[in-house]
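Throughout, read-outs are computed from the coordinates displayed, never taken from laboratory work. A quick note: this is a predicted structure, and the numbers were derived from the prediction, not measured. When we count neighbours, we look across all protein chains shown, and the Cβ atoms used for this are built from the backbone with ideal geometry, even at glycine.
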Amino acid sequence: MHLGSAATDMTSDYDGPELTASEVIGITLDGLADGAVEVLADEWSRTTKAGLAQDPAEFYAAAVRPVQKRTAFAAEGQEGGTRVRVRRDGVGPGPDRTRAGR
């Protein structure tokens, strides 16, 4: 049984698709009755399962592209004698830190 998210007290702040407990039970029992070796309860679990069969290089290439766009560098600054590249989104220094003079 694979499940993306179910509506519980723990996921009460989650704002995404969720199954109710009774839906999870119904899907699981239907799978068992059908003799399923594996039950994929929702679109999230089906998408995850399908992704596992792909070439990992394709997955990581697709996952990295959005991150590269979000962390594009807009400016360079100084911080305690260390040259720091500042990310465009303004959330802390970028990953490229080099000592001044190098």
- request: Quote to one decimal, in nm, the extra length available between Ala50 and His2 on full extension: 0.36 nm per residue of separation minus the C-alpha distance between them.
  value: 16.0 nm
message: I'd like the FRET efficiency for Ala63 and Glu23, computed as 1/(1 + (r/R0)^6) with the beta carbon distance as r and R0 of 30 Å, rounded to 0.05.
response: 0.55
